[in-house]
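These notes concern the structure reproduced below.
What follows is calculated from the coordinates using simple rules that are stated; it is not laboratory data. The model shown is predicted, which means the values in this text are computed figures rather than measured ones. Cβ placement follows ideal geometry from the backbone for every residue including glycine, while neighbour counts extend to all protein chains displayed.
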Amino acid sequence: MSPRDLFGAALRGLGANKLRSLLTVLGVSIGVGAVIVLVAVGNGSGKAVQDRLEAMGTNLLSVSTTGGGGGFQRGQAGPSAQQYSLTLEDASALADKRLAPDVASAAPVMTSSGTATNGDVSYTVNQVIGTTPSYLPATNTPVEIGQSFTQQDVDSSQRVILLGQTAATELFTRPAAAVGQTIKLGAVDFVVLGVLASKDSTGFSDPNATAIVPISTLRATQAGYGSLNQIVVQAADKDRVDVAEAEVTELLTARHQVPADETSPFRITNSAQILQTSQDTAKTFTALLATVAAISLVVGGIGVTNIMLVTVTERTREIGIRKALGARRRTILGQFLIEATLLSLIGGAVGVGAALIVSRFQLAGVQPVLVPSSIALALGVSAAVGLFFGSMPAHRAAGLRPIDALRHE
Amino acid sequence: MAADALIDIRDVTKTYGAGETAVHALRGVSLRVEAGEYVAVMGSSGSGKSTLMNILGCLDIPSRGEYWLDGSNVARLTEDQQALVRGRKIGFIFQSFNLIPRTTAIANVELPLTYAHLRRAERHKRAARALELVGLSDRADHRPNQLSGGQQQRVAIARALATGPRILLADEPTGNLDQHSTEEVLGMFDELNADGRTVVVITHENEVAARARRLIQVSDGRIVADEVTR
Ligand SMILES: Nc1ncnc2c1ncn2[C@@H]1O[C@H](COP(=O)(O)OP(=O)(O)OP(=O)(O)O)[C@@H](O)[C@H]1O
Ligand SMILES: [Mg+2]
């Protein structure tokens, strides 16, 4: 039997029960479509996170301290936590070109929180950051309206403040109206110098619910003279991040006289690491979605098997007649396998088409980004599903002795 | 000589099931049919006629005994070779016609030709000729459910004839037909036999048996009489 004859027989077989074929195709297409769309959503959200992190700057190092250097038992002599605390002097040493040539800038950071009030309106600012002006370019946090404070403001502990978009909106409704106004943070008056540009969220917290003040002012008015939370260091170049990191470690180790046999109490994370971590998270997320989708593909495949079983059972007598007329096992097998594969492939094609349309829209706030290999994979899998799941009933049918098939009721 | 016989079955038994519920449909049947014979098989219901015919048509296999068809032992043939035998050497006609539903008369007739790997054009030509032979050229594009019983059986005969088989096996071919249609079918069998084809037909009707030249009586799984009648 020529391929064309086989194909014709298979098409007639499918056409004999159009509704049933249609529903089976639907099952497969939902499976295939789900794979493509969900993988695209996972990929899209991964890309979005990556874009935001890249916008943050990839030559950023964040230095913090782990406190003491390991577990000290009571009464034992050892360095106090104080010894390793980061200080303003550390920040200026790191910014010194002679001491750390590959560090472009170093901004000390202290954080606190407080309630800001504008007349009757009050708003709790989760994150009040005390720092120096170099923090803004280093973390890619431009001032959108108004202007930044200067090093002089820091030196003279000026009571000036930069508001994040959310903070400005909460307090003044229109962020533009905030500039030049005076607000209270705690009990102290601050003049609003500027409003920061809006930032996309990279996690659960709102990055716009912030306020930035000169670090000297924060220490004087809010947080006291404790140690720094971290120092934000910008490497001179994207390719010099590792060198800068080594310089920072070396300099801090020397300044704090950390014994050579002790693990470094300083924790330095660079943005490339953060990027890597979030990419790994995105991959896990994508894999999870793909698994869910794969399950629906398998369910679609079971639908194909089910329909082929019904079809084969229904047409057993016909199979008997065909065998009595000289049809070989492989001819019968071919006809039913082509039927099953056609069901899967048509379903696959419809699924791909639907997925291409659906993935042009935002889903759950994510713009899906198609992964070409997922389309090939879904189509391949759907054909394989047809062959695999169709072969079982087809084999059963083809293996029947003619008389047994003819006697079938 | 043994080698001459077209059909040669030797001590064939067929048992359905096993143990206490076993049914012995054939209890040792030996039969030789030479090429060109016209044989009628008669016997009461359940005597094993259809069982015998299915074995002759390679649709079923004997439980014991041998079946030599045209000089080769059927049990030794591969599955594909058996399919080839069914398609080319044997034309089988059933009491219940067994046309493929939702498929036109001509497509039904073309089917064995398709399995015999004939080209499309050749297939169509031969199928049309076979339909012409049974006088149904004007019904070629009708589906089985648009044909009368007699017409359906004539399509089935055309289908059995299409590949030009040497043997025609018919299991109660006129069982579902009226007097007139029966006459038509029998007339066709006469012609085919006159052409040199071997015809074996199972029947309950004396009128049908009378056309054959040899009559075999089956009873309880055994051949009880075998005589040349004409
Ligand atoms: N598939 C089967 N399983 C079990 N028993 C069977 C089977 N086919 C036939 N038989 C039994 O074998 C015996 C012979 O059946 P067969 O069909 O050959 O009879 P028959 O002579 O053709 O009868 P009829 O004239 O009614 O068609 C019967 O007793 C029947 O019950
Ligand atoms: Mg019978």
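Observations on the model:
- Each 5 Å bin from zero holds the following percent of Cα-Cα pairs in region B:154-214: 4, 17, 34, 28, 14, 3.
- Here's how it looks for B:Ser219: its modeled amide H is under 5 Å from those of B:Val224, which are all 5 or more places away or on a different chain.
- Each of A:Arg98, A:Arg322 was scored by other Cβ atoms within 10 Å of its Cβ. Listed from fewest to most, they are A:Arg98, A:Arg322.
- Of A:Val366, A:Val292, A:Val121, the residue with the greatest mean-square motion in the GNM of chain A, using alpha carbon springs below 10 Å, is A:Val121.
- Of A:Tyr225, A:Tyr84, A:Tyr135, the one that fluctuates the most in a GNM where chain A has Cα springs shorter than 10 Å: A:Tyr225
- Expressed in units of 2.2 N^0.38 Å, where N is the residue count, the Cα radius of gyration of chain B is 1.00.
- For region B:121-192, the convex hull drawn through the C-alpha positions has a volume of 88 cubic angstrom per residue.
- Cα-centre dipole for chain B with unit charges at Cβ (Lys and Arg positive, Asp and Glu negative), debye to 20: 680 debye
- Amide H contacts of A:Ser105 (H built 1.01 Å from N, in plane; Pro and chain starts excluded): A:Gln234 sit under 5 Å, all sequence-distant by 5 or more or on other chains.
- For chain B, the longest principal axis of the Cα atoms and the long axis of helix B:120-133 meet at an angle of about 80 degrees.
- Burial ordering of A:Thr111, A:Thr284, B:Thr198, fewest other beta-carbon atoms within 10 Å first: A:Thr284, A:Thr111, B:Thr198
- Both radii are taken from the alpha-carbon atoms of region B:63-153; with Rh as the Kirkwood radius, Rg/Rh is 1.05.
- Tail fraction, Cα-Cα pairs, the protein assembly as shown, threshold 36 Å, whole percent: 61 percent
- Sorted from greatest to least, the principal axis extents spanned by the alpha carbons of region A:298-386 come out as 60, 20, 17 Å.
- Burial ordering of B:Arg102, B:Arg197, fewest other beta-carbon atoms within 10 Å first: B:Arg102, B:Arg197
- For the pair region A:99-119 and region B:46-99, the centres of their Cα atoms are 94 angstrom apart.
- 10 Å binning of all Cα-Cα separations within region A:67-264, expressed as whole percents from 0 upward: 9, 32, 31, 19, 8, 1
- Mean-square fluctuations from a GNM of chain B, with a 10 angstrom spring cutoff on Cα atoms, peak among B:Glu172, B:Glu37, B:Glu207 at B:Glu207.
- Bridges between two residues of chain B, per DSSP, are antiparallel at a rate of about 55%.
- Around the amide H of A:His256, modelled in the peptide plane, lies no amide H under 5 Å away from a residue 5 or more places distant or on another chain.
- Antiparallel DSSP beta bridges within region A:67-264, as percent of all bridges there, nearest 5: 75 percent
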